[in-house]
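Here's the structure we're looking at; comments come further down.
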């Protein structure tokens, strides 16, 4: 089971990069595993993530397992706060897609304008800016997730990126891809 979870994280990490939803060494992916969490390592491009680049951490971010010499993502506490706020979520994807992030730079929520977005996303809240990896960002995200309806499965971080959370990492990927597709269509429709 642990090995299968790591394989899924590696597969979707690579796919996120391949689909252009994140670049360089940005982004991180995690899964709940029993009473702990699996998360990608800091400084490793999602393009290159393998099962050896995934660590097991507890709710206090203490490393319980993983290859020596790597550290968990600096956003680990942010992931854990989402898991604690949303018991139904067992997977989280955090990426920096261009169109979604572009709207967030302008402090605009992704416009929910397509039929698919209206049915599947309904709403994607925008979280106030705080520095990446900071406790302030983790607290802002936690408050947003706690105060959002259960149908909310994606949030956008102002000037930063997107977080998708759900049951099943494949569902998280689909949500993230739909948010970015919606942002792209909104951008195009606003500029025709």
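DSSP assigns beta bridges within the chain; of those with both partners inside it, close to 90 percent run antiparallel.
Per-residue ellipticity at 222 nm, computed for the chain from helices alone with -39500 (n - 2.57) per DSSP H run of at least four residues, works out to -12500 deg cm²/dmol.
Fully extending the segment from residue 147 to residue 62 would add 27.8 nm, taking 0.36 nm per residue of separation and subtracting the current Cα-Cα distance.
Given 0.36 nm per residue, what is the gain on full extension from residue 1 to residue 139 after removing their alpha carbon distance, in nm?
Values: separation 138, 0.36 × 138 = 49.68 nm, distance 3.09 nm.
Extra length from residue 1 to residue 139 when fully extended: 46.6 nm.
Model label sites at residue 126 and residue 191, defined 7 Å from Cα along the beta-carbon direction, differ in position by 1.7 nm. Recomputing Cα extents along the principal axes in Å from the coordinates shown identifies the correct label among (1) 65, 36, 34; (2) 51, 33, 29; (3) 61, 31, 29 as (2). Using 0.36 nm per residue and subtracting the Cα-Cα separation, the extra length available between residue 11 and residue 74 on full extension is 20.6 nm.
For a quick check, take a GNM of the chain with Cα springs below 10 Å and name the residue from 93, 122, 54 with the largest mean-square fluctuation. In the Gaussian network model the winner is 122.
Report the FRET efficiency, 1/(1 + (r/R0)^6), for residue 19 and residue 48, where r is their Cβ-Cβ distance and R0 is 22 Å, rounded to 0.05.
Details: r = 15 Å, r/R0 = 0.70.
That pair, residue 19 with residue 48, gives E of 0.90.
Does the range 99-187 classify as rounded, prolate or oblate by the C-alpha gyration tensor (a ≥ b ≥ c root eigenvalues; a/c under 1.5 gives rounded; else a/b over b/c gives prolate, otherwise oblate)? All intermediate terms of the calculation are to be shown ahead of the outcome.
On the way: a/c = 1.76, a/b = 1.25, b/c = 1.41.
Note, shape of the range 99-187 comes out oblate.
Every read-out reported here was derived from the displayed coordinates using simple, explicitly stated rules and does not represent laboratory data. If you're wondering where the values come from, they're calculated on a predicted model, not measured in any experiment. Counting neighbours? That spans all protein chains shown, and the Cβs are built from the backbone with ideal geometry, glycine included.
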